[in-house]
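To keep things clear, I will list the structure first and then write my remarks on it.
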Amino acid sequence: MRFKSNIGALDDILKGGFIKGASYLLKGHPGTGKTVLTNEIAFRHASNGGRVLYLSGLAEGNEAFLEHLKAFDWFDQNAPNKSIYYYSLLSMVNPDEGLESFTQNLTELLSKLEVSMLVIDSLQTFDPLPFELDEVRIMVNKVKAAARILDITLFVLQTPNITVQDRHQEQADLDGIISLSVSCFQQKRVRKIEVLKLRGSDYLLGPHSFKISDSGCSFFPRLEVYYRDPLRVTSDVLTKSKVGIEKLDAMLGGGLVKGSMTSLLGAPGTGKTSIGVQFLCEGAQEKESCMYFGFYETIQRLSTKMDGLSIPLKKFIDEGYIKYVWQPVLENDLDELAERLLDQVEEHKVTRLFIDGIDGFKFATDHPNRIFSFWASLCNELRSREVTVIFSEELGVFQSTKNTGERELAAIIENIVYLGYVEHKNSLERFLSILKVREGNYDPQYKKFTMNSNGLDLANFDRDLRLFRHGTYMEQTHG
């Protein structure tokens, strides 16, 4: 039987929660969240009818300790002394009587209070006391045995210590070991949780990020592990979704295959966002559920810009056909962004998605080498949900496709549309070309791309083009 933490994705990482009556070691340096996490588990357990004994080694006393917990939304002022019992660990240990007396007194207290969860916070409380490590090991094993007999789930907290960490960890022989840590990437600090051992149960391997806020602990499993197997198998029928620009749809052979991934690759100002929003509005016109997921422009600014191009973004947002999700490029978490996106896709049954700025995901990672596997997992999951996706990728103004640095992503997406500038008579004109369409024929010619109050349009150039050495395109000269 499972002992659920009732903390969202933590139970997903544990593949259903802890095992009832088992014992777990939560280890981590100070400030990694051990005490906050176990108290949240305790309060959520109590709110579901459980009873908890919490043995604290803190010298500040229970009242001061509880004052810190009151800042969290899950704190229930009626729980202490009614369903959660806080005892001082130091007051229960008498060095003259030894740990055998402590174990016996604790077992009697567990039976008296009829608890279903026990927390020892932490093993380091015993370090300054005159006990040998073997005595502490024997004590922990006896408490573990008593808890198992009484069907009590045991949590033991530990701060790593160079001299005693390994002996505590190995000799205590607990059923599970969970590590909490804080990693640093540049100036960004990220909390991590990793299950190192979980006897009798499968779990999601590797480190996963989590956050602590007023609402408590929020966990974000690594996308590559969490969605290793797509939810559904996509249909073999290749139906098309129109972008909404007549000549571009013709170049694409009738539009984009439903459930496909398309990259709009180009320099700033070449029209990537405008094409993406037009794609959403075309779907909204057909009463599809669409979503804009962006990092750079607020709904007010983008709506005003689209009004100037006769693209009715605000109209379809107001009517509910386009969901607008915006988050600034701050210290976001990569897996949190993915969870937010997929939750919105599921909630609104989205069939068309425009991700305005893949860089927003890159800036959120603390391991740049993850981007390829992360993006492959996200694309596979969106395909399995039959969502047709367009996302924009930024190039430098004078950067050619040969130097994008994102060539590895080309292998996992179906379509690439390239936008750039033509230098002609001391001015720049926009152009569009299709570099790749995996499922069908397409027109690879360069087309002149215009954006004005009449909307978006394509036309043939009245001159040949050649690649200029800096990456822009210039008029072809002869002779």
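Things to note:
- Within a straight-line Cα-Cα reach of under 21 Å, residue 425 can be paired with the following lysines, leaving aside sequence neighbours fewer than 8 residues apart in one chain: 447, 448.
- In the chain, the DSSP beta bridges split such that about 45 percent are antiparallel, to the nearest 5.
- Rounded to 5, percent antiparallel among DSSP beta bridges of segment 2-221: 45
- Furthest towards positive pole of dipole, 276, 353, 296, structure part the chain, Cβ charges: 276
- Less than 5 angstrom separates the built amide H of residue 430 from those of 422, 449, all sequence-distant by 5 or more or on a different chain.
- 74, 326 arranged by Cβ crowding within 10 Å, fewest neighbours leading: 326, 74
- Taking θ as phi - 60° and the Karplus parameters 6.51, -1.76 and 1.60, the scalar couplings of segment 5-10 work out to 6, 6, 10, x, 6, 4 Hz in sequence order, x denoting glycine and proline.
- Loop sites in segment 1-73: trypsin sites (Lys or Arg not before Pro), DSSP, at most 12 other Cβ within 10 Å: 70
- Summing Cβ point charges (Lys, Arg +1; Asp, Glu -1) relative to the Cα centre of the chain gives a dipole of roughly 1180 debye.
- Mean sequence separation of contacting Cα pairs (under 8 Å, at least six apart), scaled by the length of segment 282-429, corresponds to a relative contact order of 24 percent.
- One equal scatterer on each Cα of segment 39-128, no solvent, Debye formula: the resulting log10 I(q)/I(0) at q = 0.11 Å⁻¹ is -0.32.
- Summed side-chain charge close to residue 34 - residues other than residue 34 whose Cβ falls under 12 Å, Lys, Arg +1, Asp, Glu -1: 0
- The chain: relative contact order as a whole-number percent, Cα under 8 Å and 6+ apart: 14
- Cα centroid of segment 30-79 to Cα centroid of segment 82-150, whole Å: 18
- Volume in Å³ per residue [convex hull over Cα atoms, computed for segment 2-221]: 123
- Cut-off 12 Å between beta-carbons: net charge of the residues surrounding residue 85, Lys and Arg +1, Asp and Glu -1: +2
- Net charge of neighbours whose Cβ lies under 12 Å from the Cβ of residue 147, counting Lys and Arg as +1 and Asp and Glu as -1: +2
- Translational diffusion of the chain was estimated from the Stokes-Einstein equation, with Rh taken as the Kirkwood radius over Cα pairs; at 4 °C and 1.567 mPa s the coefficient is 50 µm²/s.
- Segment 93-228 - charge dipole about Cα centre, Lys and Arg +1 at Cβ, Asp and Glu -1, debye rounded to 20: 920
- Calculated mean residue ellipticity, 222 nm, the chain: -8500 deg cm²/dmol, from DSSP H runs (n ≥ 4) at -39500 (n - 2.57) each, averaged per residue and rounded to 500.
- Long-range HN-HN contacts of residue 323 with modeled amide H, under 5 Å: 290, 291, 292
- In whole angstrom, segment 240-475 maps to an equivalent ellipsoid with semi-axes of 27, 21, 17, each derived as √(5λ) from the alpha carbon gyration tensor and ordered largest first.
- Two tests apply to each whole DSSP H helix in the chain, Cα reach of 18 Å or more along its axis and mean Kyte-Doolittle hydropathy of at least -0.5, and the ones passing both are 34-47, 98-113, 133-149, 272-285, 371-384.
- The lysines within cross-link reach of residue 315, meaning a Cα-to-Cα straight distance under 23 Å and a gap of 8 or more places when in the same chain, are 242, 272, 287, 305, 323, 349.
Read-outs throughout are calculated quantities, based only on the coordinates presented, and are distinct from any laboratory measurement. Just so we're clear, the structure is a prediction, and the values are computed from it rather than from any experiment. Glycine gets a Cβ as well: all are built from the backbone with ideal geometry, and neighbour counts include every protein chain shown.
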